[in-house]
Amino acid sequence: QVQLVESGGGLVQPGGSLRLSCAASGIIFSIYTVSWFRQAPGKQRDLVATITSSGSTNYADSVKGRFTISRDNAKNTVYLQMNSLKPEDTAVYYCRGFLRQNNYWGQGTQVTVSS
């Protein structure tokens, strides 16, 4: 059974940092393209960052220079380091693993940026 489990969310003040983790089981995560998405209340789910199996990365303009996606293949885990957080970063963050016809989502983790 394939599972993606996100963790690391929470409440942080503006300007603070969080590191999200997406741990996979049941698949060899290193061969998957993995993306982080986020969804704020009443809004669509937006792509935040992507990392390919070769380690290439891509970011939404809104997070460039503040967020970093990385992977630890030995731990079957992908991370999202989020720095200089803003209130508009508040959302539920989801990870997705994608390979050909296989598409897996985690359950999400809440990130709230507020003073």
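The values are calculated or read from the model by the stated rules, or taken from the named source; none is laboratory data. The structure presented is a predicted model; accordingly, all values stated were derived computationally and were not measured. Cβ atoms come from the backbone with ideal geometry, glycine included; neighbour counts cover every protein chain shown. Surface accessibility is based on the protein's heavy atoms, side chains included, excluding ligands, DNA and RNA. Shrake-Rupley method; radii C 1.70, N 1.55, O 1.52, S 1.80 Å.
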Filter segment 60-92 down to residues that are open to solvent by 50 Å² or more (accessible area, probe 1.4 Å) and either in contact (Cβ under 8 Å) with a residue 60 or more places away in the chain or under 26 Å from Ser114 (Cα atoms) (or both), then give me how many there are. 11
Determine if segment 51-66 includes at least one residue that is closer than 14 Å to Leu20 by Cβ and among the basic types (Lys, Arg). yes
Say we look at segment 1-41 and pick out the residues that are modelled with pLDDT under 95 and open to solvent by 60 Å² or more (accessible area, probe 1.4 Å); which of these is nearest to Met82 (Cα to Cα)? Pro41
Look through Lys64, Lys86, Lys75 and report the one residue that is modelled with pLDDT of 95 or more, basic (Lys, Arg), over 11 Å from the mean Cα position of the chain (by Cα) and closer than 17 Å to Val34 by Cβ. Lys75
